Each structure stands twice: as C-alpha cells, then as structure tokens.
Amino acid sequence: MPLVPVVSIGGQETALFLARGDRLARLLALDRMFRLKVLPISIAAPWGLNVGDMLGHLPMPAKITIETLPAIDLRAEFGASPDLDEVYDHVVRLMQDTLDALAAERRLPIIG
C-alpha cells in the first residue's frame, strides 16, 4: 500500500494568536491535571479575546494551498524490510521541501 504525503499552508492564518500560553497552563496547573502544556490566547470572532479556544471561533478568511505529493511505494523504494527512521526522514524531507516551496510562492498573509 503506497504512502501519499499531503502538505498544506495557510491554515495557520485563520486565527490570530497572541501567545502560546505556556506559563498560563503551568500557573493553572493544567500541565499536571490534563497534560496541557499550552493554553493559547487568541483574538477570534465573535468573542474578541479567546483563551484556549474553549468557546470556539469563526475562522478568519485565508488562502489555503494543499499539495498532494506523488505516492511512495515503500517496499519498491526502500526494500522488503525498510528502516523506519530512514523512511521517516525521507518523507519528512520531501514534505518540508514542498512546504518551503509553497511558502516561497506566498507573497502576502491571508491572500497568499
């Protein structure tokens, strides 16, 4: 069965994050109680300030580009017993190269 990598860019622009909230999660002991290491703080419609996206939000408009890479036949490319670390590094490298190329094509946030 082939592996089909998919890469997208632009989804991060649907929300405006002010902070990751690392310290807030520790202060509220969320890291110990719920294993939450971050509690992001964002500006989001319709609520304004949104902590942890607990109320949900309406995403801001953004241009999202999705690219499907060619299928990878792991056995054909890496042999009958592929080294998982080698496969992982290869797939991540392909996806990162594609993401970098997509990012280079973008000129402006939101409208691409």
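Report the one residue of Thr68, Val38, Gly48 whose Cα lies farthest in the direction of the positive end of the charge dipole of the chain (charges on C-beta: Lys and Arg +1, Asp and Glu -1; origin at the Cα centre).
Gly48
Could you work out the relative contact order of segment 1-64, using alpha carbon pairs under 8 angstrom and six or more residues apart, expressed as a whole percent?
Relative CO of segment 1-64 lands at 34 percent.
Run the numbers for Tyr88 and Lys37: contour at 0.36 nm per residue of separation, minus the present Cα-Cα distance, in nm. Intermediate values should be presented prior to the final figure.
Details: separation 51, 0.36 × 51 = 18.36 nm, distance 2.56 nm.
Once the chain is fully extended between Tyr88 and Lys37, it gains 15.8 nm.
Which FRET efficiency, nearest 0.05, do Trp47 and Leu27 yield, Cβ-Cβ r, R0 30 Å?
About 0.90, to the nearest 0.05.
Please give me, ordered by residue number, the trypsin sites (Lys or Arg not before Pro) of segment 6-112 that lie in loop per DSSP and have at most 10 other Cβ atoms within 10 Å.
Taking segment 6-112 and a limit of 10 other Cβ atoms within 10 Å, the loop trypsin sites (Lys or Arg not before Pro) found are Arg35, Arg107.
Tell me the per residue accessible area of the chain using a 1.4 Å probe; a whole number in Å² is fine. The partial results should precede the final answer.
Details: 8270 Å² over 112 residues.
Result: 74 Å² of accessible area for each residue.
Over the alpha-carbon set of the chain, divide Rg by the Kirkwood Rh and report the Rg/Rh ratio to two decimals.
1.11
Per-residue ellipticity at 222 nm for the chain, helices alone: DSSP H runs ≥ 4 residues times -39500 (n - 2.57), over residue total, nearest 500 deg cm²/dmol? Walk me through the numbers on the way to the answer.
Numbers: 4 runs with 37 residues, N = 112.
The per-residue figure over the chain is -9500 deg cm²/dmol.
Of the candidates Ala62, Ala101, Ala15, which one comes out as most mobile in a Gaussian network treatment of the chain with C-alpha springs shorter than 10 Å?
Ala101
Quote the charge dipole size of the chain about the Cα centre in Debye, to the nearest 20; the model charges only the Cβ of Lys and Arg (+1) and of Asp and Glu (-1).
Roughly 740 debye, rounded to the nearest 20.
Using alpha-carbon pairs under 8 Å, 6+ residues apart, how would you state the relative contact order of the chain in percent?
That works out to 35 percent.
The values are calculated or read from the model by the stated rules, or taken from the named source; none is laboratory data. As the structure is a prediction and not an experimental result, all values here were calculated from the model. Note that each Cβ is placed from the backbone with ideal geometry, even for glycine, and that neighbours are counted across all protein chains shown. Protein only, heavy atoms only, side chains kept; ligands, DNA and RNA dropped before computing areas. Shrake-Rupley method; radii C 1.70, N 1.55, O 1.52, S 1.80 Å.
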